[in-house]
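Report on the structure given below.
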Amino acid sequence: MTGPAPDGRAEPWVEVRVTELDSAAIGLGPDAAARPAAHALLRRLCAQYLGCSPEQVPLARRCVTCGATDHGQPRLEPAPPGAARYVSLSHSHPWAAVALGNVPVGVDVEAFRTDVAWNRLRPFVLHSDDEVPQDQRDWLRVWTRKEALAKMTGHGLTRPLARIHLGPPHPDGWRHTPDEPAHSRVRSLDHDRCAIAVAVATAAADTAVTVRAQWSAPPPGTPADGRGALREESAR
Ligand SMILES: [Zn+2]
């Protein structure tokens, strides 16, 4: 990689890393393997940005609800010099996704699957103003967008997803979410085998946000070096 965007850049940016895990090789169950792998991936991404070793990355947790530091949203604390201090991580066997940015960020990944009874989950997932997904993949995209938003605010699964209205797709590729704080927006970063969504909050609705995503196994259509460069100018 060329390294995350340099500090001092005015516009918001987010770096996303997605990797496919080989938990069989580690000899652990899918979830037991995915959690530490996601944390290791996040440490590697932050270490590249900070110019330190992964062990030195000051990763802490803080719960936005109760203030405890043994659970809740991960963050770089103490905040490193420069603006990038927001992190997020997600795993869904066999995938792990992490994000680092200079604006509040949330990321969520879910492996595509076809065995979910979405119609039964519908009251718990869809806001009354949300459009109804057409197939299993669409449902997972909606799910990941909402999870990414909930992670971005720090509420995670304590927040009922049905209270989150995603808003219609905007020509800029994002969904600007009308009921969320501070100009929140979310978008999917499609892969052929998993749904990935990244959410950010910016100071103004028309602020451009650069999202750079890199996959360990590149999805179709990305350059051979595995870099999925996605540069977005967003306007409202
Ligand atoms: Zn708490």
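Numbers at a glance
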item: Qualifying residue in region 93-102 (condition: closer than 30 Å to ARG193 by Cβ, modelled with pLDDT of 90 or more and not hydrophobic (A, V, I, L, M, F, W, C)); result: yes
item: Qualifying residue in region 118-128 (condition: more than 16 Å from the ligand (Cβ to nearest atom), closer than 19 Å to TRP13 by Cβ and surrounded by 15 or more Cβ atoms within 10 Å (Cβ to Cβ)); result: no
item: Of all residues in region 171-205 being among the polar types (S, T, N, Q) and at pLDDT 90 or above, the one that is nearest to PRO12 (Cα to Cα); result: SER184
item: One residue from ARG141, ARG145, ARG159, ARG137 being at pLDDT below 90 and charged (D, E, K, R); result: ARG159
item: Pick from region 40-96, criterion touching a His at 6+ places or on another chain (Cβ under 9 Å) and part of a loop (DSSP other than H, G, I, E, B), ranking: farthest from the ligand (Cβ to nearest atom); result: VAL64
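The values are calculated or read from the model by the stated rules, or taken from the named source; none is laboratory data. Predicted model, so just to flag it, every value in this text is computed and none were measured. No Cβ is skipped: glycine too gets one built from the backbone with ideal geometry, and neighbour counts run over all protein chains shown.
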